[in-house]
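Participant: Got a structure for you, written out below as structure tokens; questions coming shortly.
Read the figures in this text as sums done on the coordinates, not as results from a lab. It should be emphasised that the depicted structure is a prediction, and the values quoted were computed from it without experimental measurement. Reconstructed Cβ throughout: ideal geometry from the backbone, glycine too, with neighbour counts over all protein chains shown.
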Ligand code: C5P
């Protein structure tokens with residue numbers, strides 16, 4: 001790999017949005033484009049890391065030279081992530097994972113019938129992959145684990161408090177907070193993030209391109225790794 005502050009480090013990045021099937025043609029999904037995760041993969045590679053990307057549904061191309069695999073559902077993502085995390089120095093969970101999936105997936109297309117009641121979709125909880133990656137971590141603190149928190153709140157103070165409690169609850173090392181909405185962040189090239197650290201480092205805010213946000217996150221990771 002390239003020389004740089006992450007030379008020799010294996011960095012696992014999840015990107016995009018999971019899709020939870022209802023039947024062979026329909027799914028429940030989300031608005032994640034994968035742009036931020038791909039920007040992180042590029043920034044980590046530029047810093048010399050050996051990057052592995054696990055892509056759920058993404059709307060952008062994976063850059064040449066990045067090792068990647070594709071997954072569809074949260075359960076697929078969980079399996080691939082836990083396996084790859086065990087051999088990684090850093091794990092960045094940028095994927096938007098469905099919190100719930102349909103309890104049943106029908107083998108054939110759900111039909112509309114005039115004589116039947118409207119269908120009801122029952123959802124069940126998906127596992128929290130980030131929490132499981134934290135639980136799987138060795139006693140030496142490897143890998144360093146970075147979570148994302150997409151929040152729709154508009155009260156800055158409350159959003160920050162909420163994110164700090166999420167950082168505690170999930171047990172990851174860094175939490176990247178970003179404000180999202182129907183026309184905000186998802187699919188856009190610009191973003192606004194705040195990086196929170198368990199190490200006690202001051203929260204760091206950044207507004208700009210997803211590429212420059214990725215550089216901010218990678219710099220923070222380099223600082224955390226060097227203690
Ligand atoms: O709890 P919340 O969904 O806001 O947490 C977001 C973070 O947790 C992201 O890093 C996301 O990739 C991860 N996550 C996960 N498994 C889930 C839900 C979220 O790993 N089921």
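Participant: Measure off 7 Å from each Cα along the Cα-to-Cβ vector at residue 61 and residue 103, then give the distance between these two points in nanometres to one decimal.
Facilitator: So the label points at residue 61 and residue 103 sit 4.5 nm apart.
Participant: Which percent, to the nearest 5, of DSSP beta bridges fully inside the chain are antiparallel?
Facilitator: That works out to approximately 40 percent antiparallel.
Participant: Using Cα atoms only, what is the angle between the long axis of helix 35-46 and the major principal axis of the chain, expressed in degrees (0 to 90) to the nearest 10?
Facilitator: 30
Participant: With the crude spin-label approximation of a point 7 Å out along Cα→Cβ, what separation in nm comes out for residue 76 versus residue 201?
Facilitator: 3.4
Participant: Let me ask another. Let me have the relative contact order for the chain, percent, based on Cα pairs under 8 Å that are six or more residues apart.
Facilitator: Values: 467 pairs, mean separation 45.1, N = 227.
Averaging sequence separation for qualifying contacts and normalising by length gives 20 percent for the chain.
Participant: Follow-up question, since we're still on this one. Please report the spacing between the Cα centers of segment 167-209 and segment 70-106 in Å, no decimals.
Facilitator: Result: 20 Å between the Cα centres.
Participant: A further question on this structure: Mind ordering 43-56, 99-112, 20-33 by average Cβ neighbours within 10 Å, highest first?
Facilitator: Final packing ranking: 43-56, 20-33, 99-112.
Participant: Also, quick follow-up: At 7 Å along the Cα-to-beta-carbon direction for both residue 158 and residue 188, put a label point, then send me their distance in nm to one decimal.
Facilitator: 2.0
Participant: Also, quick follow-up: Per 0.36 nm of contour for each residue apart, how much would the distance between residue 46 and residue 26 grow if the chain were fully extended, relative to their Cα-Cα spacing?
Facilitator: Stretched fully, the residue 46-residue 26 segment lengthens by 3.4 nm.
Participant: Could you give me the radius of gyration and the Dmax of the chain, taking only the C-alpha atoms into account and expressing both in angstrom?
Facilitator: Answer for the chain, Rg first and Dmax second: 18.2, 67 Å.
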